[in-house]
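Here's the structure we're looking at; comments come further down.
Derivation of every value follows stated rules applied to the coordinates shown; laboratory data play no part. Note that the structure is a prediction, hence the values are computed from the model and not measured. Reconstructed Cβ throughout: ideal geometry from the backbone, glycine too, with neighbour counts over all protein chains shown.
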Amino acid sequence: MVIKMSGRERTHTGFVFYGILIYLFLYVPVILLAAFSFNQSKAATLPFTGLTLHWYQNLFRDYLVIDAFKNSLLVAGVTAVLATAIGTSAAFPLVRSQFRLKETLRVVFLLPMMLPGLLIGVALLIFFSSLLGVSLSLWTVIAGHVVLTTPFVILVVTARLLDFDQRLEWAAADLGANPAQTFRLITLPIIMPGVIAGALFAFTLSLDEFVVTLFTIGSQSTLPMYIFSQVKFGVTPKVNALATLLLLGSITLLFTVFATLTGKGVKSS
Amino acid sequence: MTLHNPTAEPEATRARALGEVVRADEEMAGTTRSNKMLLGFVPISLLLVSFFLVPLIVMVVYSFWQTEGVNVVPKWTLKNYEAFLGWTTYTRVIAKTFAISLGVTALSLLVGYPFAYFLVRHVRKSWQLPLLVLVIIPFWTSYLLRVYAWMGILGRKGLINQALMALGIVQEPLEFLLYNNFSVFVVFLYLYLPFVVITLYATLEKFDFAQVDAAMDLGARPWRAFVEITLPQTKQGIVTAFIFVFIPMLGEYIAPKLVGGTSGTTIAVMIVNLFRGFQIPQGAAVALGIALFIIAVLFALRRYIRIEEMY
């Protein structure tokens, strides 16, 4: 049977084929990474010598991993709280007040996001160890991460505030609410999806941050630091196991962000 | 609307008038209110001054000082900036980093454009958003781990070599796959392709394809219609994608460090090595030089930067 395709159909088939190729390029490496975490072979590569959960057990028994994980959670948690508070607070005057230089200020606030993380890390290292003479710790790491992630919170919350109908606040004030009540009962619930999404962004970014951490950390370790030290000289299935768990974690977080931004966003606006 | 007032019209006018009164009140109280609101800038100002601005200023000062042994001494010098003059180890690495970044940016645009076109033109409307999200997901997962994934594919015992050897195509593992410029190129393309696709999708999605149909009705061949109609009108997206791929790539550390080997050294790897070797003023000078270049590029192309659209 001969199937004749018109030129248009042939173009369409070509594009679909190309699209599938790109998706394979994007996903095959990640899928392989996860697949090899279940492989018995020590080399984290082909051939498949049999299924095992050995590397996962190995992982949960390694106190270095557990320690790094705890440190990462602490840093990401504190960073998310601080960056969200600072970013949200800055978003209000950025959207609602009028003054000259507002645009310039906005760009300045977003600058830490545009410059290479390396620059911020290096500058903070000199600042902490040479100028202040403080010893590097998880707190110096947190300082760096807050600088790095606050711009993302500003972006997300600003977007949310721009859609905000301020007449709702005026109505609340007309009905006798004081400014604190208006903020707590009207403003906050409406911008909440933006705030939560911003916090989750900050958390995810901090959890994955490496370069700034490299320069600002003392003797402790975070998960990216641990992974980096393990993979500098090659692949090991234990890292594949850790990677699989982390990928699942960040995909879950990501979907939570999408759900908060789209789901609740539609309802309240 | 209340039942006592059957005509909605006056009610609406009253409400509008009331709104205007309220707004007038707002304006009168405007200065104090506005001043109070500016207090919202206090936390971020404290943050940026203490952990961004002051450290950067200190770094600028350090870049004009000298080292004696492993110590930095406050003696002024321009020597650190001489690294940017002539054909030195520094300028070679800088030139190479620029070449790789430009190359990958061009390649990712070449690969990403047809893909974004595919999403806009060859996928049903209701499928476009899910498919786009599918492109973004890997982009939001761990950066370090995405680089690591390629070490397992390109390495000496990696997937490609194992497969080629099992099929009997090669007897010895291919060495050129990992730890050189080639692997840096592949991994960079992998890391930045989602960025390009999102930006180009946003632009192509707004483009009115009826213009292309019109051109073709008037006898233009598809390729010519693309070059003369579609391409110029999607320039905005192309430049934005260029900025968001080329600029961050200049400061990349992890990918070149992990898959670049000794020949894949880039600016960031060099800066870290300088700091490790206690050449702090020299490292600071190189880092600042790059930062200034980046700020200059961002400033020159500022009207193409639509950060809001990215997230």
For chain A, the charge dipole (Cβ of Lys, Arg +1; Cβ of Asp, Glu -1; about the Cα centre) points to a positive end, and the Cα of A:Ala202, A:Leu131, A:Ile66 closest to that extreme belongs to A:Ala202
The answer for the net charge of residues other than B:Asp213 whose Cβ lies under 15 angstrom from its Cβ, with Lys and Arg +1 and Asp and Glu -1, is +1
Scalar couplings 3J(HN,Hα) for the range B:230-244 by Karplus 6.51 cos²θ - 1.76 cosθ + 1.60 (θ = phi - 60°), nearest whole Hz, x for Gly and Pro, are 5, 4, x, 7, 10, 4, 3, x, 5, 5, 4, 4, 4, 4, 6
For A:Trp170, B:Trp127, ascending order of other Cβ atoms within 10 Å (fewest first) is B:Trp127, A:Trp170
Per residue of B:251-257, other chain Cβ atoms within 10 Å number on average 4
Measuring from its Cα centre, the range A:61-268 shows a charge dipole (+1 at each Lys and Arg Cβ, -1 at each Asp and Glu Cβ) which, in debye to the nearest 20, is 100
Long-range alpha-carbon pairs in the protein assembly as shown, meaning those over 30 Å apart, account in percent for 60
Expected max-MSF residue from A:Val239, A:Val65, A:Val30 in the GNM of chain A (alpha carbon, under 10 Å) is A:Val30
So the angle from the long Cα axis of helix A:7-35 to the longest Cα principal axis of chain A, reported in degrees to the nearest 10, equals 80
If R0 = 30 Å, then B:Leu218 and A:Thr11, at their Cβ-Cβ distance, give a FRET efficiency to the nearest 0.05 of 0.90
Over the protein assembly as shown, the sum of -39500 (n - 2.57) across DSSP H runs of at least four, divided by residue number and rounded to 500 deg cm²/dmol, gives at 222 nm -22500 deg cm²/dmol
In debye to the nearest 20, the charge dipole size for the protein assembly as shown, taken about the Cα centre with +1 at each Lys and Arg Cβ and -1 at each Asp and Glu Cβ, equals 680
With Cα springs under 10 Å, the Gaussian network model of chain B assigns the largest mean-square fluctuation among B:Ala241, B:Ala95, B:Ala220 to B:Ala220
If one compares the long axis through the Cα atoms of helix B:267-276 with the longest principal axis of the Cα atoms of chain B, the angle in degrees, nearest 10, works out at 70
Over all pairs of different Cα atoms in chain A, the reciprocal of the mean inverse distance gives a Kirkwood radius in Å of 22.1
Among B:Ile229, B:Thr203, B:Val147, the residue whose Cα sits farthest towards the positive end of the charge dipole of the range B:96-235, when +1 is placed on the Cβ of each Lys and Arg and -1 on the Cβ of each Asp and Glu, is B:Val147
Neighbour-count ranking for A:Val146, B:Val73 (other C-beta within 10 angstrom, fewest to most) reads B:Val73, A:Val146
Expressed in angstrom and rounded, the centroid-to-centroid distance over alpha carbons for the range A:84-162 and the range A:174-223 is 12
Note, the range A:111-124: 3J(HN,Hα) by Karplus (6.51, -1.76, 1.60, θ = phi - 60°), whole Hz, Gly/Pro = x, goes 4, x, 7, 8, 7, x, x, 3, 4, 5, x, 5, 4, 5
Phi-derived 3J(HN,Hα) across the range A:139-153 with the Karplus relation (6.51, -1.76, 1.60, θ = phi - 60°), rounded Hz, x for Gly and Pro, is 6, 5, 4, 4, 4, x, 5, 5, 4, 6, 9, 4, x, 5, 5
The rounded separation in angstrom of the Cα centers of the range B:225-260 and the range B:70-129 is 9
Of the candidates B:Ile136, B:Thr77, B:Leu167, the farthest towards the positive dipole end of the range B:71-202 (Lys/Arg Cβ +1, Asp/Glu Cβ -1, centred on the Cα centre) is B:Ile136
Log entry: pair-distance distribution for chain B, C-alpha pairs binned every 20 Å from zero, whole % per bin is 22, 42, 28, 8, 1
Within the set B:Ser63, B:Ser45, B:Ser263, GNM on chain B using Cα springs under 10 Å gives the largest fluctuation to B:Ser45
Helix B:8-28: inclination vs chain B longest Cα principal axis, degrees, rounded to 10, gives 50
Any lysines whose Cα falls less than 30 Å from that of B:Lys257, other than same-chain ones fewer than 8 residues away, would be A:Lys42, A:Lys70, A:Lys232, A:Lys238, B:Lys79, B:Lys96, B:Lys157
Fraction of alpha-carbon pairs in the range A:99-222 farther than 22 Å apart, rounded to whole percent, equals 51
